[in-house]
1. Looking at Thr326, is it surrounded by 17 or more Cβ atoms within 10 Å (Cβ to Cβ) and part of a strand (DSSP E or B)?
2. Tell me the residue from Thr369, Thr316, Thr352 that is more than 17 Å from Ile259 (Cβ to Cβ) and touching a helix residue (DSSP H, G or I) at 6+ places or on another chain (Cβ under 8 Å), please.
3. Checking Thr246 against (1) at pLDDT 95 or above; (2) in contact with a helix residue (DSSP H, G or I) (Cβ under 9 Å, 6 or more places away or on another chain), only one condition comes out false. Which one?
4. One residue is enough: does the stretch 15-27 have a residue meeting the conditions open to solvent by 50 Å² or more (accessible area, probe 1.4 Å) and part of a helix (DSSP H, G or I)?
5. Kindly indicate whether Thr280 is touching a strand residue (DSSP E or B) at 6+ places or on another chain (Cβ under 9 Å), open to solvent by 20 Å² or more (accessible area, probe 1.4 Å) and either polar (S, T, N, Q) or closer than 25 Å to Phe347 by Cα (or both).
6. Taking Asn363, is it touching an Asp or Glu at 6+ places or on another chain (Cβ under 7 Å), part of a helix (DSSP H, G or I) and not aliphatic (A, V, I, L, M)?
7. Of the residues that make up the stretch 371-390, is at least one assigned to a helix (DSSP H, G or I), of a type in the set (A, V, I, L, M, F, W, C) and touching a residue at least 12 places away in the same chain (Cβ under 8 Å)?
8. Lys379 versus (1) crowded, with 17+ Cβ neighbours inside 10 Å; (2) at pLDDT 95 or above: which is the lone unmet condition?
Amino acid sequence: MESAALLKAIIENAIDGIITIDGRGHIETINPAACKLFQYSPEEVIGKNVSILMPPPDRDQHDEYIARYQRTREPHIIGIGREVKGLRKDGTVFPFRLGVSEVPFSGRKIFTGFIHDLSREKEAEEQLKEYAVHLEELVENRTQNLKSAIQELQLAKEEVSTSLEKEKELGQLKSRFVSMASHEFRTPLSAIQLSSSLIEKYAQPFDNANISKHVAKIKNSVGNLTNILNDFLSLEKLEAGKVEATYQYFDLVKMSEEITEELQLVAKQNQNIIYQHTGTLSMVNLDPNLIKNCVINLIGNAIKYSGENTFIEFNTEINDKNCIITIRDNGIGIPEADQKHLFEAFFRAHNTGNIPGTGLGLNIVSRYTGLMNGEIAFKSDVNQGTLFKITIPLI
């Protein structure tokens, strides 16, 4: 009695459904889990054919299963883990795993079905399939996007290549044009310069102030045009990578004195260029042409942007590590808003007015200094003047 009560308690509290049927397929017992699963009470199904719990086509084939068993005594559904479908009272169908065993009992055979609901597992499988399909769509979309991006990148690459080729061609054309223009302009400018000097010479006996005045204007204009051509040529060579620092030993002090003497001749009335050198050394291993161009450009600016009756300080210094060149004027200065653009090509400060210039000089000086691994710095105040300082490491 105690064992029977224990067995009944186990069946009544089992998580899975348990149904027993006789040899004709009629339901004899059904536990609470199976009742809940099929939505029937025991009274509604006990004594009825188990096919009531089956959806078509299993329901229609059930009698054939029973008949086959009667003939062969081998039930069709005996086994563990067969997946079938069940029919609830409300007409909905659900999947479950069915395990059937044959049990001799009181001189006859009954069949016990163990029912494990697969609804959640199937829902999870469907969700997994849907997710897999979604992932495949994402992968496909991203693959297509990647292909499109690669195609766009290839097109962009081709466009860049074409643009670079065109830019290269334009660069070559520009280089040829600058060289040609330089040659074509220099010849007539030299002729004008020579003619103005001859006019000045032949006009001396007449002592005519007007002749001297206009000859001076001609010389000034020729000088300005020559400086513009030199700036464009220097920029073109820098852009083409044709300028390199060529180091050699030279006397910095001697070269600086020559530059001072040369530029003093073109200075304004009563403008004085004062040169000083600090230190006992005068020889340096640098590029003399780049140094000379930088100094001439900076002193030329000081002359151009300073008034008459002013001083221009030109200092050089050689120490253990660096060569330092300083040029100071007390001219118009550079507005603070313009200072950040000062070394850009073709940039001119807003207070230069009608003073001629290309806006290339300081850009060239900065790049020449960089070719020697040096640095250029400045300090300027409007109407107070400007100081430029070039520092170049010694090898």
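1. In short, yes.
2. Details: Thr369 fails: more than 17 Å from Ile259 (Cβ to Cβ); Thr316 fails: more than 17 Å from Ile259 (Cβ to Cβ).
Of the residues listed, the single one that is more than 17 Å from Ile259 (Cβ to Cβ) and touching a helix residue (DSSP H, G or I) at 6+ places or on another chain (Cβ under 8 Å) is Thr352.
3. (1)
4. No, every residue in the stretch 15-27 fails to be open to solvent by 50 Å² or more (accessible area, probe 1.4 Å) and part of a helix (DSSP H, G or I).
5. When the stated conditions are applied, Thr280 passes them.
6. Numbers: touching an Asp or Glu at 6+ places or on another chain (Cβ under 7 Å): yes; part of a helix (DSSP H, G or I): yes; not aliphatic (A, V, I, L, M): yes.
Yes: the conditions hold for Asn363.
7. Within the stretch 371-390 (the criterion being assigned to a helix (DSSP H, G or I), of a type in the set (A, V, I, L, M, F, W, C) and touching a residue at least 12 places away in the same chain (Cβ under 8 Å)), the answer is yes, since at least one residue qualifies.
8. (1)
The values are calculated or read from the model by the stated rules, or taken from the named source; none is laboratory data. Just so it is clear, the structure is predicted and the values come from calculations on it, not from any experiment. A quick note on method: Cβ atoms are made from the backbone with ideal geometry, for glycine too, and the neighbour counts reach across all protein chains shown. Each accessible area value is taken on the protein alone, full model and side chains, heavy atoms only, with ligands, DNA and RNA left out. Shrake-Rupley method; radii C 1.70, N 1.55, O 1.52, S 1.80 Å.
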